[in-house]
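Down below is the structure, laid out as structure tokens.
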Amino acid sequence: GIKTDGEQGTKRLQQKFTTLAGNVKNLRGLMKRIGIDLLNEVSLNFKNEGNEGEQWTPLKAATIARRRNKAKGTIKLLQDTGTLRRSFVMAAEDTVVKVGSPIVYALTHEEGLGNIPKRKMLPTQRRGLEIAIDVTERYVDEKIRAAALRGTE
């Protein structure tokens, strides 16, 4: 815990928290950290060929045969050339982070369309919130520690 030396220490601690709260106006750094963790989750989904334990629909036999006949093709789901997997990016603003792919067919695979099965590459809303909370807690702890250390100088 944090020890204070009576009323003066308590006032200093309150000032630290006030300073911390004042610095929270621009959260772009935090948003970038959340975005990086979300991109890591997308990479994990590609590696696991599924999302949160739910495996993606397997490839059809004809697709597997066609890919095996190509010189550099792979039978890994959504990774024939690796273009889609590598296309995911994030954009961080002061209070928002967005993660997605600019490739037109990414949404088709994410949502499923016609004979193309749904294969969710992005984290679920629940998982995204877990990541955001975890990163935010670490960020706040780091800022509090830094403010406390500045107070001991």
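Of note:
- Beyond 24 Å, the tail of the calculated P(r) for the range 31-153 holds 39 percent of the Cα pairs.
- Note on Ile64 and Glu137: the model spin-label points, each 7 Å out from Cα along the C-beta direction, lie 4.1 nm apart.
- FRET efficiency estimate (nearest 0.05) - Cβ-Cβ, Glu111 to Asn26, R0 30 angstrom: 0.35
- Rolling a 1.4 Å probe over the protein heavy atoms leaves Leu27 with an accessible area of roughly 30 Å².
- Pairwise Cα distances in the range 57-129 exceed 21 Å in 37 percent of cases.
The values are calculated or read from the model by the stated rules, or taken from the named source; none is laboratory data. Keep in mind that this is a model prediction, so the values were computed, not measured. We place every Cβ from the backbone using ideal geometry, glycine too, and count neighbours over all the protein chains shown. Please note that ligands, DNA and RNA were not included when accessible areas were found on the heavy atoms of the full protein model with its side chains. Shrake-Rupley method; radii C 1.70, N 1.55, O 1.52, S 1.80 Å.
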